[in-house]
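Take a look at the structure set out below.
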Amino acid sequence: MSGIYIHIPFCKQACHYCDFHFSTSIKKKDEMVLALAKEIVMRKSELLDCARSDKDETVETIYFGGGTPSRLPIADLRLLMDSIYENYKVSENPEITLEANPDDLSEDYLVALSEIGINRLSIGIQSFFEEDLVMMNRAHNSAEAKKCLELATKYFDNISLDLIYGIPGMSNEKWQQNIETALSFGIPHISSYALTVEPKTALNKLIQTGKIGQPKDEVAEEHFQILVETLENNGFVHYELSNFGKENYFSKNNSAYWLGKKYIGIGPSAHSYDGISRSWNVSNNSIYLKSLEENKLPSEIEILSKSDRYNEYIMTGLRTIWGVSLDRIEQEFGNEYLDYLQKQAQKFINDNLLFVENNILKPTKKGKFLTDGIASDLFYLN
């Protein structure tokens, strides 16, 4: 199994918390779409090469991320889809996801998306409260958030929405209301993240100047526990730290990433992984376009060491319901790594933050919110 990720680097406006690669100017949109299509063609042998070793060269997931892919007209998305189908072997029933903002999802656009083969939407709601959306500088308003879900559920069954918790000033009651509103639309998948303050973002500057309060870890943890309890009580499986899905609605694209499957990343700033190395494209639209014009791939590559691969598995494994297999650690990395992991994990087991079941290491309910910090303590450092 393989996946293709396409990064669409355009947004209507800059959300205050975002540090992803994007541009609010669409002057070079047409050139960018043609460059993306060209990179798709140029890299087809790469996927064939890495897939051949597995005797499986089928693309099972296609993911349009960003940026805001819903900024693209249908004709552009169709062109990119056609480029993939013409150059890769795509499974009969692939998961094809488009990230979208509520204000872009008119009924006509939704119908057209379904007609070109998009079968999963990931909608950036973030909050149903107007004051939160204004504070985060989201492009949509509360009414648009609800309206787009009313429309989207008419044409799509497989929908995920994003919610942000730990927002300064958000009470537990208000957060609970956000979750309940999402559930009222019958959405089968929710991705939810704590508001984080990244350097060089507008949010960081607003906090430093005292215009917005600093997010508090204890509030985020309370919101997280409310989220887990509410969604599990409503039939969702907490299958990854930030992701909750009904049975048969887990994100195949994200699950493949967490399980270490191979994927190609197309577009500026996109990352790729083939099991042995990781590569990433330049995070600059102009340089990306110039390189493609010269028939060059604007990427850097890093061959992963044994400790890199071990650390990656620890991080992704602990975040998911599949956990970290101690048998796999022994088989793939050897006794030295297994002994190290068991020694490092013991203090967290003693503190009831980790446990071992069927030779699988997993976080406890108490340890889930602390997963990333725990994982970093289990990393093997050369």
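The values are calculated or read from the model by the stated rules, or taken from the named source; none is laboratory data. Since we're looking at a predicted model, the values are computed, not measured. As a convention, Cβ positions derive from the backbone with ideal geometry for all residues, glycine included, and neighbour counts pool all protein chains shown.
Results, tabulated for the structure shown:
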{"quantity": "Counted residues, the range 344-382 - those being among the β-branched types (Val, Ile, Thr) and crowded, with 18+ Cβ neighbours inside 10 Å", "calculated": "2"}
{"quantity": "Qualifying residue in the range 156-176 (condition: at pLDDT 95 or above, in a loop (DSSP other than H, G, I, E, B), among the acidic types (Asp, Glu) and farther than 18 Å from Asp103 by Cβ)", "calculated": "yes"}
{"quantity": "Count of residues meeting criterion [surrounded by 16 or more Cβ atoms within 10 Å (Cβ to Cβ) and farther than 29 Å from Glu39 by Cβ] in the range 295-310", "calculated": "1"}
{"quantity": "Residue check, Leu292 under 30 Å from Leu34 (Cα atoms), assigned to a helix (DSSP H, G or I) and outside the structural domain of Ser242 (by TED's automatic domain parsing)", "calculated": "yes"}
{"quantity": "Checking Gly186 against (1) in a helix (DSSP H, G or I); (2) touching a residue at least 24 places away in the same chain (Cβ under 8 Å); (3) not charged (D, E, K, R), the condition it does not meet", "calculated": "(1)"}
{"quantity": "Single residue of the range 1-16 satisfying the filter (in a strand (DSSP E or B) and under 17 Å from Val59 (Cβ atoms)) that is modelled with the lowest pLDDT", "calculated": "Ser2"}
{"quantity": "When residues of the range 99-119 are limited to those that are of a type in the set (A, V, I, L, M) and part of a helix (DSSP H, G or I), the one surrounded by the fewest Cβ atoms within 10 Å (Cβ to Cβ)", "calculated": "Val111"}
{"quantity": "Residue tally, condition touching a residue at least 24 places away in the same chain (Cβ under 8 Å), crowded, with 16+ Cβ neighbours inside 10 Å and part of a helix (DSSP H, G or I), over the range 320-343", "calculated": "5"}
{"quantity": "Pairs where the first residue, in the range 275-293, is on the phi > 0 side of the Ramachandran plot and the second is in a strand (DSSP E or B), C-beta under 9 Å, 6+ apart", "calculated": "Gly275/Lys262"}
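Let's see how each residue does on (1) small (Gly, Ala, Ser); (2) under 26 Å from Glu229 (Cα atoms); (3) assigned by TED's automatic domain parsing to the domain that holds Ile212:
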| site | (1), (2), (3) |
| --- | --- |
| Val59 | no, no, yes |
| Tyr109 | no, no, yes |
| Ile116 | no, no, yes |
| Arg120 | no, yes, yes |
| Ile123 | no, yes, yes |
| Leu133 | no, yes, yes |
| Ser160 | yes, yes, yes |
| Met170 | no, yes, yes |
| Glu173 | no, yes, yes |
